[in-house]
1. Somewhere in the range 45-66, is a residue under 30 Å from residue 133 (Cα atoms) and not in a helix (DSSP H, G or I)?
2. Search the range 92-111 for residues being in contact with a helix residue (DSSP H, G or I) (Cβ under 9 Å, 6 or more places away or on another chain) and exposed (fewer than 12 other Cβ atoms within 10 Å of the Cβ), and hand back the single one that is farthest from residue 10 (Cα to Cα).
3. Of 124, 99, which residue is in contact with a Phe, Trp or Tyr (Cβ under 7 Å, 6 or more places away or on another chain), at negative phi and not acidic (Asp, Glu)?
4. For residue 130, all conditions in the list (1) touching a residue at least 12 places away in the same chain (Cβ under 8 Å); (2) outside any helix (DSSP H, G or I) hold save one; what is the number of the exception?
5. Report yes if residue 30 is out of contact with any Cys (no Cβ under 8 Å at 6 or more places or on another chain), closer than 30 Å to residue 7 by Cα and not small (Gly, Ala, Ser), otherwise no.
Amino acid sequence: MSFLKQIQKIFNITETERKSLVSEIKVKIEQTKTNKQNQEERIMSLMQDIEKLKNNSNSKTSKNNITRTIFKKSKKIKELENSLQRDITFGSKDVLIDLTKLHNNIKVIENDITKTPEEKQKLLIDNQLKIEEFR
């Protein structure tokens, strides 16, 4: 059984819904690639602007103003570079945060020396059921 058929079976969706999801994911990936390319171009443009400001000794603008402009452009470059490192998150950030907390909770339960093995087992099962609700 193919991966797509397994996903279709697990989430109990029709063939049409599965195809629609696949096309939406492809569109989202293409949007992300385009956005990253645009951000890279913007970074290069800002770097060129900074070089021009450093090399241009125009007496009309004050040195303080040039320094401030360079600082703002450098800050924008850092923001764009940070956003380039982020990838697509399907679902909401809240869901991702909840899942992360639940998975981290597993280690906490396993390492808790105050609980009996039966209590740990019950907590782990409850935690696993909560994780399964997100699927």
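Nothing in this text is a laboratory measurement; each read-out follows from the coordinates by a stated rule. Quick caveat, the model's predicted, so the values are computed rather than measured. Neighbour counts run over all protein chains shown; Cβ positions are idealised from the backbone, glycine included.
1. no
2. Top of the filtered list is 110.
3. Going through 124, 99 in turn, just one is in contact with a Phe, Trp or Tyr (Cβ under 7 Å, 6 or more places away or on another chain), at negative phi and not acidic (Asp, Glu): 99.
4. Every listed condition holds for residue 130 apart from (2).
5. Against the criterion (out of contact with any Cys (no Cβ under 8 Å at 6 or more places or on another chain), closer than 30 Å to residue 7 by Cα and not small (Gly, Ala, Ser)), residue 30 qualifies.
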